[in-house]
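Input: a single structure, listed below in structure tokens.
The values are calculated or read from the model by the stated rules, or taken from the named source; none is laboratory data. Here the structure is a predicted model, which means the values were calculated and not measured. Reconstructed Cβ throughout: ideal geometry from the backbone, glycine too, with neighbour counts over all protein chains shown. Just the protein is used for accessible areas: all its heavy atoms, side chains included, with ligands, DNA and RNA removed. Shrake-Rupley method; radii C 1.70, N 1.55, O 1.52, S 1.80 Å.
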Amino acid sequence: MKTIPVQKKLSTVLAGIAGAFFISATATAAPPAASAPAVVAPTVAALPDFAALVEKTGNAVVNIRTTERAKISQSGDITQDEEMQEFFRRFFGVPIPPTQPSPRGRKQTPAPEAEEEVPRGVGSGFIISPDGYVMTNAHVVDGADEVYVTLTDKREFKAKIIGADKRTDVAIVKIDGSNLPRLTMGDSDKIRVGEWVIAIGSPFGLDNTVTAGIVSAKARDTGEYLPLIQTDVAVNPGNSGGPLINMRGEVIGINSQIYSRSGGYMGISFAVPIDEAMRVADQLRATGKVTRGRIGVQIGEVTKDVAESLGLKHTEGSMVQRVEPGSPAEKGGVEVGDVILKYNGATIERSSDLPRLVGGTKPGTKATLTVWRKGATRDLTLTIGELEADEAGAAPQKKQKAPQKPNALGLSISDLSAAQLEALKIDGGVLIEASEGAASRSGLRAGDIVLRVNNTDIKNVSQFNAVVAKLEPKKTVLLLVRRGDSSQFVTVKPAQQ
């Protein structure tokens with residue numbers, strides 16, 4: 001960082017200002033003009049000194065290296081793997097040659113193999129308790145056979161993986177130690193955009209590297225359970241798992257991701273908020289895994305057009321696009337097209353707020369949803385389930401009847417058969433056979449199913465046509481449309497009659 005030229009230039013400016021004041025005070029031949037403005041010295045804000053902060057926190061940051069067991073031939077060469085095969089294919093255009101040539105005239109015999117530890121990756125971490133619990137990223141230890149933790153005093157420990165959670169990218173490992181230096185946890189909810197922070201880690205294997213910057217943004221939605229902290233602190237491969245520290249020496253995040261087109265730092269980095277990380281860490285230390293709640297819905301954002309059409313004053317909440325059969329949501333009365341406005345009294349400002357609130361609820365407990373349905377709010381009570389793997393999609397749709405003439409919306413539609421209604425688990429609706437004009441411009445396409453027009457549930461083609469015929473030609477229409485396994489609201493402006 002080139003600080004000397006900046007300091008010289010500043011000194012010159014200040015000296016000039018001081019000289020101007022001296023000449024003005026000693027000159028008596030010509031008094032200053034009454035209209036001349038007063039000279040105001042510029043305010044210069046000093047940059048923070050991070051030295052004391054690093055001395056206070058640096059000894060609790062560790063280097064983490066991982067290894068895996070690889071099979072080694074008798075000659076000491078690693079057996080063929082995908083990376084070596086790709087190297088020979090890319091640069092020589094041939095497969096990797098055999099490690100042990102076959103003697104002339106004799107059949108080749110495979111060489112005996114043994115396992116040996118080979119380096120796998122390098123990351124960072126930090127000690128959260130004097131008895132040796134270390135926090136890092138899940139991707140740092142994922143797939144590792146052995147994990148080694150090195151302290152700043154060069155002591156190295158073989159660590160045990162206590163647990164890892166890929167959804168939040170948080171992992172806990174344990175080393176055998178006592179009276180170890182530890183970092184203090186801060187409150188990531190109280191961080192301010194623009195405040196100074198530092199990162200300590202091992203970028204490219206360079207232990208105990210310190211970089212500094214500011215918080216650029218809070219609550220960046222880059223993952224289902226990760227409202228990440230965005231900073232401009234230089235973070236590179238090897239920094240993963242290291243702490244993001246505020247000026248009070250408190251950890252406010254775990255450096256986890258970077259935005260990059262080259263693989264290196266490009267001015268944007270992300271950290272897992274420490275509040276969320278500690279909630280995960282507590283469960284990992286207690287049980288080795290993380291248990292989350294679920295209600296069994298697929299959700300989407302509420303756009304401005306949809307909010308206005310539904311009569312909502314604000315673009316907030318989560319729009320229910322699909323309700324899983326047999327899920328807590330279905331049992332609690334949640335329907336496709338509902339907009340979930342509150343969860344246990346907490347306002348859903350963005351769609352991504354809902355899975356985080358539900359995920360943090362213990363399975364088996366009761367929860368209250370406030371939903372907006374057909375112009376009015378209602379409260380629904382349901383029992384939270386436990387998060388599981390996604391289930392298979394619904395049955396494929398089939399076309400049965402010939403399409404009708406396009407209506408005022410530009411849709412050609414047909415009725416659904418009883419078998420289709422049963423397979424899709426819906427009570428009614430019409431199948432779009434073709435889309436043109438206003439409907440096509442709105443993104444509707446063949447195979448979509450129209451479930452509702454404004455606040456009217458659609459049962460069949462005749463009812464649909466009757467509702468459409470009464471629409472005001474210049475007024476936007478709100479359709480609830482199912483596509484595949486999910487449903488969403490689509491706004492369409494009818495064609496002129």
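Percent of Cα-Cα pairs more than 22 Å apart in region 169-322, please. Here the tail beyond 22 Å accounts for 51 percent of pairs. What whole number of Å gives the distance from the Cα centroid of region 131-208 to the Cα centroid of region 407-482? Spelled out, the Cα-based centre of one part sits 54 Å from the other. Rounded to the nearest Hz, the phi-derived 3J(HN,Hα) couplings of region 464-477 under the Karplus curve 6.51 cos²θ - 1.76 cosθ + 1.60 (θ = phi - 60°) are 4, 5, 5, 5, 5, 5, 8, 6, 6, x, 9, 9, 5, 10, where x marks glycine and proline.
Ligands, DNA and RNA left out, the 1.4 Å accessible surface of region 213-370 is 48% carbon and sulfur atoms. Over region 310-389, the hull volume per residue, using the convex hull of the C-alpha atoms, is 91 Å³. Rolling a 1.4 Å probe over the heavy atoms of the protein chains gives region 302-372 an accessible area of 44 Å² per residue. Computed from point charges on the beta carbon alone (+1 for Lys and Arg, -1 for Asp and Glu), the dipole magnitude for region 418-468 about its Cα centre is near 120 Debye. Summarising the amide proton neighbourhood of residue 163: residues at separation of 5 or more, or on other chains, whose placed amide H is nearer than 5 Å comprise 172.
Mind scanning 304/374; 56/218; 166/362; 160/190 and naming the pairs with a C-alpha gap bigger than 23 Å? Violating the 23 Å Cα-Cα cut-off are 56/218; 160/190. Amide H to amide H distances under 5 Å link residue 292 with 387, where only residues 5 or more positions off or on other chains count and H is placed in the peptide plane. If the segment from residue 160 to residue 247 were pulled out straight at 0.36 nm per residue, it would be longer than the present Cα-Cα gap by 28.2 nm. Shown in residue order for region 268-282 are the 3J(HN,Hα) couplings computed by the Karplus curve 6.51 cos²θ - 1.76 cosθ + 1.60 at θ = phi - 60°: 10, 9, 10, 10, 6, x, 5, 4, 5, 4, 6, 4, 5, 4, 4 Hz (x for Gly and Pro).
A simple rule links phi to the HN-Hα coupling: the Karplus curve 6.51 cos²θ - 1.76 cosθ + 1.60 with θ = phi - 60°, which for region 199-211 gives 10, 10, x, 10, x, 6, x, 7, 4, 6, 8, 10, 10 Hz, with x for Gly and Pro.
Close amide-amide hydrogen proximity is noted between residue 458 and 452, 453, each under 5 Å apart and 5 or more residues distant or on a separate chain (H modeled in the peptide plane; Pro and chain starts excluded).
A cut-off under 12 angstrom between Cβ atoms defines the neighbours of residue 147, and their net charge, with Lys, Arg +1 and Asp, Glu -1, is -1. Each other residue within a Cβ distance under 15 Å of residue 444 adds +1 if Lys or Arg and -1 if Asp or Glu, for a net charge of +2.
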